[in-house]
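These notes are about the structure you will find just below.
The values are calculated or read from the model by the stated rules, or taken from the named source; none is laboratory data. The shown structure was predicted, so the numbers you read here are calculated from the model rather than taken from an experiment. Don't worry about glycine lacking a Cβ; one is built from the backbone with ideal geometry, like all the others, and counts go over all protein chains shown.
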Amino acid sequence: MAARLTLFTDIISPYAWLAQAGLDRMTDRPEIEIKPVLFAGLLNHWEHKGPAEIPAKKVFTFKYVKWIADRDGVDLNMPPNHPFNPIKALRLAIVLGATHDVMMQIFRAIWVDGHLPDNEAGWAGIKAATNCTDADDLIASPEVKDSLLSNGEEAIKRGVFGVPTFCVDDELFWGADAMEMMQDYLADPDGFQARYAGAENLVPSSVRK
């Protein structure tokens, strides 16, 4: 039976764009269920700061993702502001089915064209990119809001702590740079688990300050 893949993602993350673009380049892309989540909700749950909240880390992160994009031939332009509020775009993704093509449209609108969902002009650009003129009414639906919350709750239950994260069976693959690791698992799940068993049994030293 084919493995069931789920991708938890948030358009606020440049790494999530790199992962989506990586999927787009795959000639044998596996079937993946994409679930938009609010990255800030994961950070709050795990009591962790995001890269943009640590000044030195923010500077390095944006240099690094741009370097990766240049290396891999991925279009990436830093948006005018970051972090930004992604909720409208996440809800729009859900409204439109969160397919690969939909996510590519939204990611490109933000990370290539610089349209941000938390200002009027940027939001108009995202709606145009997805050809969804009635987006404002659609994303106001209680069902859509509940779906975004439900995705976040599911992610936390599965141990997801960051985006993008690919969930395959009981394995988590976090980050765009873990996609090759995920493909290794898909090629030989039993062998992968045998090689890398034991990580869950690691415990901290009793001598800690």
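Details
- Taking the listed residues K127, K66, the one that is of a type in the set (K, R) and closer than 25 Å to L149 by Cα is K127, with no other qualifying.
- Members of the range 190-209 that are surrounded by 13 or more Cβ atoms within 10 Å (Cβ to Cβ) and of a type in the set (F, W, Y): F192
- Index of the failed condition, K58 passing every other in (1) in a helix (DSSP H, G or I); (2) modelled with pLDDT of 95 or more: (2)
- The set of residues from the range 123-142 being closer than 11 Å to K88 by Cα and touching a residue at least 12 places away in the same chain (Cβ under 8 Å) comprises W123, I126, K127, A135, L138, I139.
- Qualifying residue in the range 166-189 (condition: under 21 Å from R91 (Cβ atoms), surrounded by 12 or more Cβ atoms within 10 Å (Cβ to Cβ) and not hydroxyl-bearing (S, T, Y)): no
- Look at the range 104-119: where a residue is more than 17 Å from R91 (Cβ to Cβ) and a partner is among the polar types (S, T, N, Q) and outside any helix (DSSP H, G or I), sitting 6+ places away or on another chain with Cβ atoms under 9 Å, you get W111/N77; V112/N77; D113/N77; G114/N77.
- Residue check, K145 among the basic types (K, R), modelled with pLDDT of 95 or more, over 22 Å from A52 (Cα atoms) and crowded, with 18+ Cβ neighbours inside 10 Å: no
- When the range 61-78 is limited to residues that are of a type in the set (A, V, I, L, M, F, W, C) and more than 19 Å from M103 (Cβ to Cβ), the one that is modelled with the lowest pLDDT turns out to be M78.
- In the range 6-50, of all residues being part of a strand (DSSP E or B) and out of contact with any Phe, Trp or Tyr (no Cβ under 6 Å at 6 or more places or on another chain), the one that is farthest from G152 (Cα to Cα) corresponds to I32.
- Conditions (1) surrounded by 16 or more Cβ atoms within 10 Å (Cβ to Cβ); (2) out of contact with any Asp or Glu (no Cβ under 7 Å at 6 or more places or on another chain); (3) over 18 Å from T9 (Cα atoms): number failed by A124: (1)
- For the range 67-146, the helices (runs of 4 or more DSSP H) that sit wholly inside it and include 1 or more residues that are among the aromatic types (F, W, Y) and within 20 Å of P36 (Cα to Cα) are 100-111, 120-130.
Condition check ((1) farther than 24 Å from M182 by Cα; (2) surrounded by 18 or more Cβ atoms within 10 Å (Cβ to Cβ)) across all residues:
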| residue | (1), (2) |
| --- | --- |
| Q20 | no, yes |
| D24 | no, no |
| D28 | no, no |
| N44 | yes, no |
| A56 | yes, no |
| M78 | yes, no |
| P83 | yes, no |
| L90 | yes, yes |
| L96 | yes, yes |
